[in-house]
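Engineer: I'd like to ask some things about the structure below.
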Amino acid sequence: MATASILSRNHQVTIVAKNLPGDEPTIEWASPWAGASFIAGGCFSSREAKMQLDAFAELWRWSIAYPESSIKQITVEDFHEDKTEADIWWKDYMPEFRFLPWEALPKGAKVGTSYKSLILSPAIFLPWMRKLLENTGVKFKRMSLESLSDARDLGHDVLINASGFGSLKLKDVQDMDVEMVRGQTMVVESNYNKIFMYDTSRTYTYVLPRLDGTVILGGTRQKDTM
Ligand SMILES: Cc1cc2nc3c(=O)[nH]c(=O)nc-3n(C[C@H](O)[C@H](O)[C@H](O)COP(=O)(O)OP(=O)(O)OC[C@H]3O[C@@H](n4cnc5c(N)ncnc54)[C@H](O)[C@@H]3O)c2cc1C
């Protein structure tokens, strides 16, 4: 939907998918299960960093313009065992950024940061964004593809594959660089109001308050268990 929101400014866009925003969560797609918080980092190039910052700026704007989207501003406390201050490229970009003092770090952490970020509830955000796109002319079509070529009669000039881990199984894609990682989370009732993230690079522990009286606790990283 993010791609469609940009392209639809100049083109007619139809989103074709088996699972659509508003559907009940199933294990076939990731989006309904996300926290979903914005945590800066995890980039391999300056281009990726720019994409991340552009997305953040737009979502920040939406958190003010569209409170009904469920996007809310929230403080993040983010700790790393495998990073030092020199690795924190986002320190000059995130609102209210500061390094946390040594005494505030959990045992084992080498760096801790605090900044203002964003949280949203996928169950609200996904159908809301679908409606936003539909109002600008984007169409949604439910269709299950065995191959991308199954879509050849839809009358398009360009087809963009944004099928998540569907790219592993689509017969004319079979992208073996896609890696399945199972992440398990728990939703609990709580009014805790800061994101906590602790990353060792092998495991991560997080608390993601949706600021609606619920908090997501996680998480696990299990490779190849689907
Ligand atoms: C537990 C958990 C917590 C997460 N928390 C966060 C977070 O806090 N912040 C964050 O940024 N990210 C988070 N993520 C990651 C985030 O959810 C994903 O990066 C994001 O949802 C991927 O979106 P997507 O549209 O690319 O893929 P998906 O949401 O998986 O959507 C894929 C789409 O392709 C369609 N599709 C696939 N194959 C086919 C086919 N053969 N035919 C037709 N349609 C097909 C599906 O139906 C679906 O519509 C989390 C993920 C998990 C699992």
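Engineer: For the condition closer than 22 Å to residue 50 by Cα, open to solvent by 50 Å² or more (accessible area, probe 1.4 Å) and either among the charged types (D, E, K, R) or touching an Asp or Glu at 6+ places or on another chain (Cβ under 6 Å) (or both), what is the one hit in 153, 92?
Structural biologist: Step by step, each of 153, 92 is checked, and only 92 is closer than 22 Å to residue 50 by Cα, open to solvent by 50 Å² or more (accessible area, probe 1.4 Å) and either among the charged types (D, E, K, R) or touching an Asp or Glu at 6+ places or on another chain (Cβ under 6 Å) (or both).
Engineer: Is region 104-126 home to any residue that is among the basic types (Lys, Arg), more than 30 Å from residue 24 (Cβ to Cβ) and either assigned to a strand (DSSP E or B) or touching an Asp or Glu at 6+ places or on another chain (Cβ under 8 Å) (or both)?
Structural biologist: Yes, because at least one residue in region 104-126 is among the basic types (Lys, Arg), more than 30 Å from residue 24 (Cβ to Cβ) and either assigned to a strand (DSSP E or B) or touching an Asp or Glu at 6+ places or on another chain (Cβ under 8 Å) (or both).
Engineer: Tell me whether region 71-82 contains one or more residues that are assigned to a loop (DSSP other than H, G, I, E, B), open to solvent by less than 70 Å² (accessible area, probe 1.4 Å) and within 19 Å of residue 116 (Cβ to Cβ).
Structural biologist: Yes; the residues of region 71-82 include at least one that is assigned to a loop (DSSP other than H, G, I, E, B), open to solvent by less than 70 Å² (accessible area, probe 1.4 Å) and within 19 Å of residue 116 (Cβ to Cβ).
Engineer: Right, next: Taking the conditions exactly as written (open to solvent by 50 Å² or more (accessible area, probe 1.4 Å), modelled with pLDDT of 95 or more and either in contact with a helix residue (DSSP H, G or I) (Cβ under 6 Å, 6 or more places away or on another chain) or near the ligand (Cβ under 9 Å from one of its atoms) (or both)), does residue 175 satisfy them or not?
Structural biologist: Criteria met by residue 175.
Engineer: Something else: Filter region 178-203 for residues that are open to solvent by 60 Å² or more (accessible area, probe 1.4 Å) and under 17 Å from the mean Cα position of the chain (by Cα) and give the result.
Structural biologist: Let us first name the residues in region 178-203 that are open to solvent by 60 Å² or more (accessible area, probe 1.4 Å), namely 179, 181-182, 184-187, 189, 191-194, 201-203.
179, 181, 182, 184, 185, listed by residue number.
Engineer: Can you tell me how many residues within region 3-52 are open to solvent by 40 Å² or more (accessible area, probe 1.4 Å), over 30 Å from residue 112 (Cβ atoms) and within 13 Å of the ligand (Cβ to nearest atom)?
Structural biologist: 12
Engineer: Could you please tell me which pairs satisfy a Cβ distance under 6 Å, a separation of 6+ or placement on different chains, a first residue in region 166-188 that is among the small types (Gly, Ala, Ser), and a second residue that is open to solvent by less than 70 Å² (accessible area, probe 1.4 Å)?
Structural biologist: From residues that are among the small types (Gly, Ala, Ser), the pairs are 167/173; 167/175; 167/178; 183/219; 183/220.
Engineer: Testing residue 129 on (1) assigned to a helix (DSSP H, G or I); (2) more than 10 Å from the ligand (Cβ to nearest atom); (3) open to solvent by 50 Å² or more (accessible area, probe 1.4 Å), one condition comes back false. Which one is that?
Structural biologist: Answer for residue 129: the failing condition is (3).
Engineer: Looking at the structure I just gave you, is residue 168 open to solvent by 60 Å² or more (accessible area, probe 1.4 Å), outside the structural domain of residue 199 (by TED's automatic domain parsing) and out of contact with any strand residue (DSSP E or B) (no Cβ under 6 Å at 6 or more places or on another chain)?
Structural biologist: no
The values are calculated or read from the model by the stated rules, or taken from the named source; none is laboratory data. This is a predicted model, so every value here is computed, not measured. Using ideal geometry, Cβ is built from the backbone for each residue, glycine included, and neighbour counts are taken over all protein chains shown. Surface accessibility is based on the protein's heavy atoms, side chains included, excluding ligands, DNA and RNA. Shrake-Rupley method; radii C 1.70, N 1.55, O 1.52, S 1.80 Å.
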